[in-house]
């Protein structure tokens, strides 16, 4: 109870500070102009505004990014744990390069250097850059999950005559993935957030659309609040879905 | 003599050495032979190498030197041989090692389907028959975590048997169980022995050893101190060390 009171006090304080600050700036709030950029509803017809169009692109990029980055992450993790020296060296090199250079530089490198060479689309360059980046972190999560599975599980699988591949596929990975679902979710949330960077290569995602509207209307405060709220909705929804999935898995075993 | 002799032996271990990375010399020039349908019980103090010996038999541990031949297949660097031996050798662990994300039935079905190439229906028939044999057919759809230790270990035995192995290895199968559950697992093992399964059993259950074993070995520091029938080892061992060890645990 006291916690809630305290929270409300802090919230009120923060709101007051912002309100007070903007008044001193003489900012003229025009929230009524924002909704039309999200969607319009006229004559019973729903039309998505530029922000929703941008959200669609953001979701497409992150959706493709999830699949690609988790694939890259899993393959890299398996390479790092494999008996082959070459696979270990290559995967390690990939990991170090990605983790020790800025994502923005990777994005520019792929878009300005690789995409002309390999004729990649803008959209695919964006997905590739994000996936390579998040995949490096995802691989560490997968690796941690795999090595956390008790040695006895491997031994039981081996003693039954299962090959290394079958052991991974049916015994180790199903358990490892369940165990790393929470950190994997944080990684997915990062992917959603980092996808805002693709606006720098003129992919018309949510952030890019926002900038465009602001350039026309100067509604900077209202729109950045709105855009942040939309990102927040997406990430919170994502976390909730995963939390629900986790609960169901726990009930099943 | 050599020809007929080697046919008789399903397991031949010849001068095997095993040194762990931490420098522990677990097996020293270890040699042993086991005939078909025999029950061999291995005893010895902890760290004597008895578990290592079992784990070497199906390639869970690499050996430094010597040779192991199981059912005519040499356990060497070739992966196919290793997998082939593992198909023929079932193993039961102290800590059960059931797959927690699979139901009891799926635990037993899995390797039949993946390794033996059975259909799901065939596998399920075998699995249910084995569950009836170990006395818990009603637990088929349960997850392992909902079973008692004794029930889990019986499932683990059924899982190993589902591969129709020619040899069963038991690595202190009852050591992690509460006393009141040891009996139910030992009963299953006794049934197997009576049916003529070749078994190598590492155990501290001297009653079981006395009742079921064809012969026993007493190991210490990676070598065999003494071997012979249970009767001989329990009543009149040749080695003073054997007498000392048995008097401590009996």
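The values are calculated or read from the model by the stated rules, or taken from the named source; none is laboratory data. Everything quoted here is computed from the prediction, not taken from an experiment. When we count neighbours, we look across all protein chains shown, and the Cβ atoms used for this are built from the backbone with ideal geometry, even at glycine.
For (1) assigned to a helix (DSSP H, G or I); (2) over 26 Å from the mean Cα position of the chain (by Cα); (3) within 14 Å of chain B (Cβ to nearest Cβ); (4) closer than 27 Å to residue A:60 by Cα, each residue gets a yes or a no:
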| site | (1), (2), (3), (4) |
| --- | --- |
| A:162 | no, yes, yes, no |
| A:165 | yes, yes, yes, no |
| A:169 | yes, no, yes, no |
| A:212 | yes, no, no, yes |
| A:227 | yes, no, no, yes |
| A:243 | yes, no, no, yes |
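When A:175, A:153 are screened for being more than 17 Å from residue A:80 (Cα to Cα), within 14 Å of chain B (Cβ to nearest Cβ), in a helix (DSSP H, G or I) and under 26 Å from the mean Cα position of the chain (by Cα), only A:175 passes. Among the conditions (1) surrounded by 22 or more Cβ atoms within 10 Å (Cβ to Cβ); (2) touching a helix residue (DSSP H, G or I) at 6+ places or on another chain (Cβ under 6 Å); (3) within 10 Å of another protein chain (Cβ to nearest Cβ); (4) closer than 30 Å to residue B:204 by Cα, the only one that residue B:104 does not satisfy is (3). Taking residue A:217 as the residue in question, decide whether it is surrounded by fewer than 17 Cβ atoms within 10 Å (Cβ to Cβ), away from chain B (no Cβ under 13 Å) and touching a residue at least 60 places away in the same chain (Cβ under 8 Å). Criteria met by residue A:217.
Checked against the criterion of being within 18 Å of the chain's Cα centre (by Cα) and either touching a residue at least 24 places away in the same chain (Cβ under 8 Å) or within 17 Å of residue B:150 (Cα to Cα) (or both), the candidates B:104, B:89, B:115 yield just one match: B:89. Of the residues making up the stretch B:138-151, those that are within 12 Å of chain A (Cβ to nearest Cβ) and either closer than 14 Å to residue B:188 by Cα or surrounded by fewer than 21 Cβ atoms within 10 Å (Cβ to Cβ) (or both) number 5. Being more than 21 Å from residue A:172 (Cα to Cα) and part of a helix (DSSP H, G or I) is the filter here, so list the residues in the stretch B:138-155 that pass it. Answer for the stretch B:138-155, where residues must be more than 21 Å from residue A:172 (Cα to Cα) and part of a helix (DSSP H, G or I): B:138, B:139, B:149, B:150, B:151, B:154. Within the set B:30, B:20, the sole residue that is over 17 Å from residue B:225 (Cβ atoms) and at pLDDT 90 or above turns out to be B:20.
So, residue B:196, is that one farther than 14 Å from residue B:93 by Cβ, in contact with a helix residue (DSSP H, G or I) (Cβ under 9 Å, 6 or more places away or on another chain) and surrounded by fewer than 14 Cβ atoms within 10 Å (Cβ to Cβ) or not? The answer is no for residue B:196.
Within the stretch A:129-144, the set of residues being within 15 Å of residue A:82 (Cα to Cα) and in contact (Cβ under 8 Å) with a residue 60 or more places away in the chain comprises A:139, A:140, A:142, A:143. Just one of the listed residues (B:135, B:117) is surrounded by fewer than 18 Cβ atoms within 10 Å (Cβ to Cβ), away from chain A (no Cβ under 12 Å), in a loop (DSSP other than H, G, I, E, B) and modelled with pLDDT under 95, and it is B:135.
Selection of the stretch B:61-100 for residues being part of a loop (DSSP other than H, G, I, E, B), out of contact with any strand residue (DSSP E or B) (no Cβ under 7 Å at 6 or more places or on another chain), surrounded by fewer than 20 Cβ atoms within 10 Å (Cβ to Cβ) and within 12 Å of chain A (Cβ to nearest Cβ) yields B:95, B:100.
With respect to residue A:204, determine if the residue is part of a loop (DSSP other than H, G, I, E, B) and within 25 Å of residue A:48 (Cβ to Cβ). It is true that residue A:204 is part of a loop (DSSP other than H, G, I, E, B) and within 25 Å of residue A:48 (Cβ to Cβ). Please verify whether residue A:187 is in contact with a helix residue (DSSP H, G or I) (Cβ under 9 Å, 6 or more places away or on another chain), at pLDDT below 95 and surrounded by 16 or more Cβ atoms within 10 Å (Cβ to Cβ), treating the condition exactly as stated. Criteria met by residue A:187. Scanning the stretch B:21-60 for residues that are at positive phi and either within 14 Å of chain A (Cβ to nearest Cβ) or in contact with a strand residue (DSSP E or B) (Cβ under 9 Å, 6 or more places away or on another chain) (or both) yields a total of 6.
Exactly one residue out of A:138, A:126 is away from chain B (no Cβ under 14 Å), farther than 20 Å from residue A:74 by Cα, crowded, with 20+ Cβ neighbours inside 10 Å and out of contact with any strand residue (DSSP E or B) (no Cβ under 9 Å at 6 or more places or on another chain): that is A:126.
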